[in-house]
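Everything below concerns the one structure shown next.
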Amino acid sequence: MIDSGGDVIFAPSIFRNLVQPSGPWATNQPQWSPDGRTIAYLKRIDGVTQAWLVPIDGGSSRPATRSPVDVEAVAWAADGRGLIFRSSPGRLRERQEFEREKLSGFRYNDRFVPGRSNEPLPTGSMQAEYSFIDVQSAEVRSARREEIARLNAVDLSRPEGSPSLARMVSVRSERPGEWPDISRLWLTGGGREPLPCKADACAGQYYRDLFAFWWREAPQELLILRREGPGRSLTALYRWSPRDGRSSRIFSTEDLIAGCRSLNEALFCVRETSTSPQHIVKIDIATGQIDTLFDPNPEFSSLRKGKVTRLHWRNDLGLETFGDLVLPPEYKPGKKLPLIVVQYRSRGFLRGGVGDEYPIFPFAAHGHAVLSVERSPFYDEAGGKKWPSYEDAERAGNANWNDRWSSLSSVRNGVMAAIATGFIDPARIGITGLSDGATTARFALINDPDLFVAASVSSCCADGDPLMIYGGPAIARERLDMGFPSVFGAKATEAWAPVSLRISAAKVRAPILMQLADREFIGGLEAYTSLKAHKKPVDMYVFDGEYHIKWQPAHRLAIYNRNIDWFDFWLLDRRDSNPAKAEQYRMWEALDEQRGSH
């Protein structure tokens, strides 16, 4: 609201020690000066990210750094006279070496991911350099140890002063050498002996159960934000006092609560409900009361979005999960509706699933019911089994595609729960998905071909060759070590058939729409060509300049509209009268005729 412009800054994505941008925009968190008058932030112009400054009274913004490589993070010094920033000068040397190597040819090795680039990808790990710049004189020096600690502090709301005098929160494993691992929160520092929080609220799987916590110095209490309830569908805030060992729950909600900062007697967080996008709230720690401070989309509350009902179920392995069933705004009881399954997260605002390509409320406005599903827990949580390590658990999940069967049964049982409401026509069900959701969709089309009558996927494919060859040598070794079968040998075809659209195209009955990024579409060519050869209805589009998560608004809009048209066509037998879409419907009608004749 006080500055604009610059290029998109993508969130850093490091896979197998390679920089592989996946598309999401970085969270550009503003850093307030100690006097509250100026904001430091990151801004990218002409291919380089720098730290910029802007006064909050609306004055002109200006660059604060002149780094030859990207500034990756920035923070104010305690006295507000300068900025600490992090960069990786080795990137410049790496680019120079890259240009020299280009002249003589690149050796094909672990740097290559052919499905994403025809050139080696940058190295993921790079030595970071920390610098301090005086905001008045622009003089730059190496950052001191305490300045580096300030930049890297996880919780900037910690009391000022020497970190050694403040109590900190750490996560410690309860049973090392066992997976799933159960962790517990401990208080450390402050010149005292480490103290475990023995309350139930302080124990669980890190990230899956425990995902945010704060130590409050003045009241001497620990705040814990965790997931709980059926399928971890609830977010709850607890307090724990080390003085008497008591804990209490402050509130519990189905809403998504994230990005919290503790200040005085409140938490300031981002909240999403199933029907409202992100807004900033203040949570009173004493009472749990939640008040909205800033809503960037106030007009959204006036839109008619249809009824949302939370459903809970278990998959065939007994793993709990949940989903949200959305009905059209104009729904009349007694009418059977087509159903579209959107994957694979259903926490907070029901926008468009993972990747945001399947617009849930516009689907409902067009007369579809929508089931937004939360992916079931991974196979490693089934039956109370324990493994020596995460790697062993993952191999067990990949063996015989155990985790894929588990995920499919979760989606299937969710669909059955939706049908049991009496609103759904079981003969008109579609499925969508990106990434893991796309894999679940393909697995369903092959192994339960009668369940879904139309599908749309945003990424393709986990077939053997695209994954083990186009993924590059590093991912091939990794996946073999994780328990995936080889793509070579007499049993390769049999082993990959349950997940491969190329091998199992003859089993597929549902028409498939593929809307793929240009950096990924090569992985879908075998599946597309095999489906075509078997006279299966398939339509594929490729989007320029895109990543795993498509980031360009024009592309998102085109994808939204085509997905709406696709499911209207196959589930409602409806066509948009817009003359510009005549060719699209001519092609789809030909696919329908081809399917009928075959």
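Overview of values
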{"item": "Rounded percent of accessible protein surface that carbon and sulfur make up, the range 19-153, 1.4 Å probe", "result": "49 percent"}
{"item": "Residue-averaged [θ]222 nm for the chain, counting only DSSP H segments that reach four residues, each worth -39500 (n - 2.57)", "result": "-6500 deg cm²/dmol"}
{"item": "Rg ratio (alpha-carbon, reference 2.2 N^0.38 Å) - the range 49-131", "result": "1.50"}
{"item": "More than 21 angstrom apart: percent of Cα pairs within the range 208-291", "result": "25 percent"}
{"item": "Accessible area, probe 1.4 Å, largest first, for residues VAL415, VAL453", "result": "VAL453, VAL415"}
{"item": "Gyration tensor over alpha-carbon atoms, the range 153-293, equivalent ellipsoid semi-axes in Å", "result": "24, 20, 13"}
{"item": "Bins of 5 Å, starting at 0 and running to the largest distance - Cα pair percent for the range 28-91", "result": "4, 19, 30, 25, 14, 6, 2, 0"}
{"item": "√(5λ) per eigenvalue of the Cα gyration tensor, the range 230-383, largest first, Å", "result": "31, 22, 12"}
{"item": "Whole-Å semi-axes of the range 469-598's equivalent ellipsoid (Cα gyration tensor)", "result": "31, 21, 10"}
{"item": "Bins of 5 Å, starting at 0 and running to the largest distance - Cα pair percent for the range 1-62", "result": "4, 16, 23, 22, 15, 10, 6, 3, 1"}
{"item": "Solvent-accessible area, 1.4 Å probe, carbon plus sulfur percent, for the range 442-526", "result": "57 percent"}
{"item": "Förster radius 51 Å - calculated FRET efficiency between ARG243 and VAL542, Cβ distance, rounded to 0.05", "result": "0.25"}
{"item": "LYS491 - accessible surface, heavy atoms, 1.4 Å probe, Å² rounded to 10", "result": "150 Å²"}
{"item": "Nearest-ten-degree value, helix 553-572 long axis tilted from longest Cα axis of the chain", "result": "30 degrees"}
{"item": "Residue-span extension gain [TRP25 to SER486] - 0.36 nm each, minus C-alpha spacing", "result": "162.4 nm"}
{"item": "About the Cα centre, charge dipole magnitude for the range 321-454 (Lys/Arg +1, Asp/Glu -1 at Cβ), debye", "result": "360 debye"}
{"item": "Per-residue SASA entry for THR275, accessible area with 1.4 Å probe, Å² rounded to 10", "result": "50 Å²"}
{"item": "FRET efficiency, GLU139 to SER4 (Cβ-Cβ, R0 22 Å, nearest 0.05)", "result": "0.15"}
{"item": "Net lengthening on full extension, GLN552/TYR206 (0.36 nm per residue, minus Cα-Cα)", "result": "121.2 nm"}
{"item": "The range 374-466 - Rg and Dmax from Cα coordinates, angstrom", "result": "14.7, 45"}
{"item": "Set LYS102/LYS532; LYS535/LYS581; LYS550/LYS581; LYS536/LYS581; LYS305/LYS332; LYS102/LYS550 screened for pairs whose C-alpha atoms are more than 26 Å apart", "result": "LYS102/LYS532; LYS102/LYS550"}
{"item": "Segment GLU146-GLN96, length gained on full extension (0.36 nm per residue, minus Cα span)", "result": "14.7 nm"}
{"item": "Accessible area expressed per residue, the range 476-598, with surrounding protein chains retained (probe 1.4 Å, Å²)", "result": "49 Å²"}
{"item": "Residue-level accessible surface for TYR108, protein heavy atoms, 1.4 Å, Å²", "result": "130 Å²"}
{"item": "Separation in nanometres of the label points that stand 7 Å from Cα toward Cβ, at ARG37 and SER302", "result": "4.0 nm"}
{"item": "Cubic angstrom per residue, convex hull over Cα atoms of the chain", "result": "188 Å³"}
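The values are calculated or read from the model by the stated rules, or taken from the named source; none is laboratory data. Values in this document were obtained by computation on a predicted structure and should not be read as measured data. Here the Cβ is made from the backbone with ideal geometry for all residues, glycine too, and neighbour counts use every protein chain on show. The protein model used for the area step is the full one, side chains on, heavy atoms only, and it has no ligands, DNA or RNA in it. Shrake-Rupley method; radii C 1.70, N 1.55, O 1.52, S 1.80 Å.
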